[in-house]
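For reference, the structure is listed below as structure tokens.
The values are calculated or read from the model by the stated rules, or taken from the named source; none is laboratory data. Please read these numbers as outputs of a predicted model, since none were measured by experiment. As a convention, Cβ positions derive from the backbone with ideal geometry for all residues, glycine included, and neighbour counts pool all protein chains shown. For the accessible areas, the whole protein counts, side chains as well, though only heavy atoms, and no ligand, DNA or RNA atoms are used. Shrake-Rupley method; radii C 1.70, N 1.55, O 1.52, S 1.80 Å.
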Amino acid sequence: MSAERAPGSHEGTGEHYDADYYAGNGQAGDRPALRLYTRLVARYTDGGPYLDFGCGTGHLVRRLSALGPAWGFELSDYSAATARATAPGATITTDVEELPTAGFGALTAIHVLEHLDDATAADVLATWRRILRPGGQALVVMPDPAGRGRRLAGNDWMGFADPTHINLKPHAEWAAFLREHGFTVEREGTDGLWDVPYSRLPKLLDAARYAVPGFVQFVAGRMLLRPGTGESSMFVLRCASRT
């Protein structure tokens with residue numbers, strides 16, 4: 001299942017991530033998951049400055065700014081412009097060379113790596129090693145095609161909904177890839193089962209059956225759930241080397 005692609009998938013360019021893209025995936029606005037990710041950064045990393053790599057429309061950057069100085073990097077000019085309006089106190093750039101060497105204590109990459117082939121992902125990880133200070137950390141999230149969410153949803157799984165998801169590795173393969181490219185996995189888990197309904201039960205009953213563990217994790221602001229029991233893989237990484 002390594003590097004599994006959804007049928008008809010293609011890698012998006014910066015121009016692809018426009019207003020229509022965000023309208024289609026429902027991620028243009030703020031959402032509860034970003035609150036959880038901010039709390040995980042505050043709990044499991046050693047402090048900023050912070051970078052949201054692939055910052056989208058800027059809501060996570062805005063939340064990270066409450067923890068300390070924050071930057072956002074975006075491939076898309078549309079996303080970057082929107083992020084500047086959303087998070088006016090943050091620095092937003094579309095030029096990776098503007099990211100300062102050893103300039104960040106922690107970064108987030110929320111649903112980024114699944115959009116990249118392995119060679120590009122390796123280049124991105126080399127960039128992270130450059131821009132993180134020695135011992136810097138990263139919170140990384142990507143869909144898990146070996147997770148329970150995929151098993152329950154089958155071909156209707158949310159990870160297949162975006163045609164730019166070209167690199168859907170199972171959790172264990174991402175862990176090996178991240179270690180191979182200079183990072184230590186400090187913590188690993190999942191986001192839980194949030195994409196209800198998973199059955200023919202009424203949505204509220206389905207949520208009571210499947211979504212409670214994820215809700216408990218959300219309230220606790222901790223990584224409590226075992227890898228493979230939800231929709232996505234979550235990793236807290238520490239930079240083991242820098243190039």
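Against the globular-protein guess of 2.2 N^0.38 Å, express the Cα radius of gyration of the chain as a ratio, rounded to two decimals.
Computed over Cα atoms of the chain, the ratio equals 0.95.
By how many degrees, between 0 and 90 and to the nearest 10, does the Cα long axis of helix 171-180 differ from the longest principal axis of the chain?
Once rounded, one gets 20 degrees.
Amide H of T190 versus every other amide H placed in the peptide plane: which residues, excluding those fewer than 5 positions away on the same chain, fall under 5 Å?
L225, M234
Lys/Arg Cβ at +1, Asp/Glu Cβ at -1, dipole of the chain taken about the Cα centre: which of M234, L205, G182 is farthest positive-ward?
L205
Give me the percent of accessible area attributable to carbon and sulfur for the chain, probe 1.4 angstrom.
Accessible surface attributable to carbon and sulfur in the chain totals 53 percent.
Under the rule of at least 5 residues apart or a separate chain, name every residue whose amide H is placed under 5 Å from the amide H of L51.
Placed amide hydrogens put W71, A106, L107, T108 under 5 Å from L51.
Would you mind working out the accessible area per residue for the chain, using a 1.4 Å probe, and quoting it in Å²?
Here the per-residue accessible area is 44 Å².
With θ set to phi - 60° and the Karplus curve 6.51 cos²θ - 1.76 cosθ + 1.60, what are the ³J(HN,Hα) couplings of the stretch 113-128 in order, to the nearest whole Hz, using x for Gly and Pro?
Those phi angles translate into 5, 5, 8, 10, 6, 4, 5, 5, 4, 4, 5, 5, 5, 5, 4, 4 Hz.
Taking the dipole about the Cα centre of the chain, with the C-beta of Lys and Arg at +1 and of Asp and Glu at -1, give me whichever of V61, P163, F73 is farthest to the positive side.
Farthest along the dipole direction, towards plus: V61.
Given H placed 1.01 Å from N in the peptide plane, which residues other than close sequence neighbours of F183 have an amide H under 5 Å from its amide H?
Those lying under 5 Å, H to H, from F183 are A240.
Can you give the helix-only mean residue ellipticity at 222 nm for the chain, where every DSSP H stretch with n ≥ 4 adds -39500 (n - 2.57) and the sum goes over all residues, rounded to the nearest 500 deg cm²/dmol?
So the calculated ellipticity at 222 nm is -10000 deg cm²/dmol.
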